[in-house]
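S.K.: First, the structure itself, so that you have it in front of you.
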Ligand code: HSE
């Protein structure tokens, strides 16, 4: 017996999948319990990529729909990415009762409900382990190893490109633009890298993670999402001086006693002793807290050819073993349940880092402290820095770390301080996640 695979898209990740299937055939067959996984057909708009596959006996085509409609394809692996074409191909494959494996987090975050419904209706399997964290089997862990738990929180670094850029910038000597170009050259970034650096890719992944972790439908629009493109290297440096590192972090928590979900993606100060603070370069990690297991952290490469193809092939093995269709059926919560309430962003309570740029005059610090206090924001520490080099405005940076405060109170205090005549620039703030 064998599982016959049609591969759509032979770019970075697709090339890795093809290499694994062609190179590890015998080992995989042993692990499925005797079912071979054979790549029978592949499609890509770039013919050069198909030459080696053709030489290996795989039928190649520029037409992805042709692969989907073949009678001898049992499972379609969609790695084209994007939205419309990929969605049409996946739905057509499911309509034909083929199983589908995809790493398309964007599509799942936006149309997960429709796709899960189609898979369930077809009795077909839907594998998407590679959609979150590249090669780290975090979705698999949520579905299997951690299934006994009520999950309290997931906190993770889920975008390799952003983590790579921030790591390179923090080490010094690399500009934002140069670090992004490096990440692109290594095949980590999305075709449109704005999806990475503006936080959307992390928001897509958090949508999927939260759906599985909290067993609820999650709308992409319920994730507060901020990226790293507006970050000032000055704040990375000040954060370091204060004992923190800045990471783009995706956070999903059951908030307080309301059983509402707090879903956020934003640049975050992590204390250096936080387990995620040491996660550098393209590496991703997700810390999951379950009521029985406590804290668990999964760590590994979050993007790139080989790591991502590892999770794709894991899905194919699960399909070959026959367990994947049952797993897809268990995603019923994604479509059958009313969504959990979402905590309004203003209600989320965190500590804050804030950099004010103000006139260096008497009474300014006192006024700022008074305004923060009036908005129930308590100061944990204050440092006045030297003026920015070449700044002729007589402005000085004042960096404040707060105790936990309601976001709406904090923002109201900032607005009031920004409007004061002593404020030279708008305050810059980042949230702090405790260890
Ligand atoms: N662009 C993504 C990243 C690829 O950098 O993490 C993996 O999803």
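The values are calculated or read from the model by the stated rules, or taken from the named source; none is laboratory data. Treat the numbers as computed from the prediction; the structure is a model and nothing was measured. Neighbour counts are summed over all protein chains in view; Cβ atoms, including those assigned to glycine, are modelled from backbone coordinates with ideal geometry.
S.K.: State the number of residues belonging to segment 196-209 that are surrounded by 21 or more Cβ atoms within 10 Å (Cβ to Cβ) and over 14 Å from residue 249 (Cβ atoms).
M.R.: 6
S.K.: List the helices (runs of 4 or more DSSP H) inside segment 283-379, counting only whole elements, that have at least 1 residues being within 16 Å of the ligand (Cβ to nearest atom).
M.R.: 305-321
S.K.: Give the residue, chosen from 304, 322, that is over 30 Å from residue 395 (Cβ atoms), out of contact with any helix residue (DSSP H, G or I) (no Cβ under 6 Å at 6 or more places or on another chain) and crowded, with 17+ Cβ neighbours inside 10 Å.
M.R.: Every option except 304 fails the conditions.
S.K.: Could you tell me how many of the residues in segment 110-123 are under 23 Å from the mean Cα position of the chain (by Cα) and either buried (at least 24 other Cβ atoms within 10 Å of the Cβ) or away from the ligand (no atom under 16 Å from the Cβ) (or both)?
M.R.: Qualifying residue count for the region: 6.
S.K.: To continue, here is another question. Have a look at 130, 141, 152, 124 and point out the one that is over 25 Å from residue 300 (Cβ atoms) and at pLDDT 95 or above.
M.R.: Criteria check complete, one pass: 124.
S.K.: Any residue in segment 60-79 that is within 16 Å of the ligand (Cβ to nearest atom), closer than 27 Å to residue 223 by Cα and modelled with pLDDT of 95 or more?
M.R.: Looking through segment 60-79, at least one residue is within 16 Å of the ligand (Cβ to nearest atom), closer than 27 Å to residue 223 by Cα and modelled with pLDDT of 95 or more.
S.K.: Follow-up question, since we're still on this one. Could you say which residue among 91, 126 is surrounded by fewer than 24 Cβ atoms within 10 Å (Cβ to Cβ), away from the ligand (no atom under 16 Å from the Cβ), in the same structural domain as residue 36 (by TED's automatic domain parsing) and at negative phi?
M.R.: Exactly one residue qualifies, and that residue is 91.
S.K.: Residue 408 is checked against (1) free of Cβ contacts under 8 Å to residues at least 24 places away in the same chain; (2) touching a helix residue (DSSP H, G or I) at 6+ places or on another chain (Cβ under 9 Å) and fails just one. What number does that condition carry?
M.R.: Status for residue 408: all satisfied but (1).
S.K.: Give the residue, chosen from 213, 189, 183, 203, that is within 15 Å of the ligand (Cβ to nearest atom), in contact with a helix residue (DSSP H, G or I) (Cβ under 8 Å, 6 or more places away or on another chain) and either farther than 16 Å from residue 103 by Cα or part of a strand (DSSP E or B) (or both).
M.R.: 183
S.K.: Would you call residue 286 in contact with a strand residue (DSSP E or B) (Cβ under 8 Å, 6 or more places away or on another chain), under 29 Å from residue 31 (Cα atoms), surrounded by fewer than 19 Cβ atoms within 10 Å (Cβ to Cβ) and not assigned by TED's automatic domain parsing to the domain that holds residue 98?
M.R.: Judged against the criteria, residue 286 is not a match.
S.K.: What are the pairs with Cβ atoms under 9 angstrom where one residue, in segment 149-163, is assigned by TED's automatic domain parsing to the domain that holds residue 294 and surrounded by fewer than 21 Cβ atoms within 10 Å (Cβ to Cβ) and the other, located anywhere, is part of a loop (DSSP other than H, G, I, E, B) and modelled with pLDDT of 95 or more? Sequence gap at least six, or different chains.
M.R.: 149/291; 149/292; 149/293; 150/291; 150/292; 152/291
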